Amino acid sequence: MTAPDWQLAIDSLLPLVTGAVRGTIPLAIMSFACGMVIAVVVALMRLSRRRFVSWLARAYVSVVRGTPLLVQLFVIFYGLPSIGLLIDPWPSAVVAFSINVGGYAAEIVRAAILSVPRGQWEAAYVVGMSHRTALVRVILPQAARVSVPPLSNTFISLVKDTSLASLILVTELFREAQKIAAFSQEFMLLYVEAAAVYWVICLALSAVQSRLETRLERHVAT
C-alpha cells in the first residue's frame, strides 16, 4: 500500500476550488433560481380550483419526485437530441436541475402558503385588495419566511447533486477531480479531496442557513 501523494493533494486543491467557484456554485445558483420560479408557478397551480390545472401540477411533481435526477439529466442531454433538440452540456445541466428543484420546492412553497392563517387573506380583502394583490403583497412574503429552512436544505442538496453534471462533461468540482485522478491514477486521494471541498462548502452554507433562521425566527408566528 503506497502512501498518499500529499504534494499532489496540495497542487490539485486550487483546480478543485476553481472548479467549485466557476462551475459548481454558479450552476447551483442558476438552477435554484430557475427552479424557484417553476416551484412558485407549480405551487399556485396545485392550489388552483380548476381541476385540470391542479392535476397538471400534481402530475409534474409526481414525475419529478418519482424519477432519479440522473435519469432526468440523461433524458435532457442524451434523449432530446434523438428528437432534434440538441442542448449543450451546461444548459442541459441547468434545465435538468431546475426541473428537479421545481418539483421538490413546489411542495415546500405550497405548504408554506397553506400555513399562512386564513385571517390574513380576509384582512387583505377587507382593505380592498384583490386576490392577486393579497397573494403577492401579503401571503407570499409570509410564506417565504416560513419556507426558508426547507428551501435552504434543498439548495445545499443541489450543490452536492451538481456533481452529476460531470457525467455530461460539465466542468465543475468533481469533473476537475476526475481529470486529475485519471492523469495521476490517484483516484482515492482525489475523490476524498473533492469530498472534503464539498463538505466545506456545505458547512459554510449550513452556517448561513442557521443565521438566516435565527434572524427570521422573530418574524414567524409560533
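The values are calculated or read from the model by the stated rules, or taken from the named source; none is laboratory data. None of the values given here were measured: they were computed from a predicted structure. In this analysis, Cβ positions are derived from the backbone assuming ideal geometry, glycine residues included, and neighbour counts consider all displayed protein chains. Side chains are part of the model used for accessible areas, which takes the heavy atoms of the whole protein and leaves out ligands, DNA and RNA. Shrake-Rupley method; radii C 1.70, N 1.55, O 1.52, S 1.80 Å.
Of all the listed residues (Leu70, Leu44), the sole one being of a type in the set (A, V, I, L, M, F, W, C) and over 23 Å from Ser163 (Cβ atoms) is Leu44.
Output the number of the condition that Met45 fails; it satisfies all remaining conditions of (1) exposed (fewer than 15 other Cβ atoms within 10 Å of the Cβ); (2) over 14 Å from the mean Cα position of the chain (by Cα). Only one criterion is unmet by Met45, namely (1).
The condition of being hydroxyl-bearing (Ser, Thr, Tyr) and surrounded by fewer than 17 Cβ atoms within 10 Å (Cβ to Cβ) holds for only one of Ser152, Ser206, Ser147, Ser163, that being Ser206. A search for C-beta distances below 9 Å between a residue of region 100-125 that is under 11 Å from Ile38 (Cα atoms) and open to solvent by 40 Å² or more (accessible area, probe 1.4 Å) and any residue that is small (Gly, Ala, Ser) and part of a helix (DSSP H, G or I), counting only pairs 6+ apart in sequence or on different chains, returns Tyr104/Gly35; Tyr104/Ala39; Tyr104/Ser157. The set of residues from region 170-199 being open to solvent by 60 Å² or more (accessible area, probe 1.4 Å) and either within 12 Å of Thr24 (Cβ to Cβ) or not hydrophobic (A, V, I, L, M, F, W, C) (or both) comprises Thr171, Arg175, Lys179, Gln185, Tyr191. Out of Ala123, Ala96, one residue alone is more than 30 Å from Glu172 (Cβ to Cβ), part of a helix (DSSP H, G or I) and among the small types (Gly, Ala, Ser). It is Ala123.
Kindly evaluate Val71 against the criterion of being part of a helix (DSSP H, G or I), at pLDDT 95 or above, open to solvent by 50 Å² or more (accessible area, probe 1.4 Å) and over 19 Å from Thr24 (Cβ atoms). Write out each step before concluding.
Values: part of a helix (DSSP H, G or I): yes; at pLDDT 95 or above: yes; open to solvent by 50 Å² or more (accessible area, probe 1.4 Å): yes; over 19 Å from Thr24 (Cβ atoms): yes.
Yes.
For region 8-33, the tally of residues that are among the polar types (S, T, N, Q) and under 15 Å from Asp161 (Cα atoms) stands at 2.
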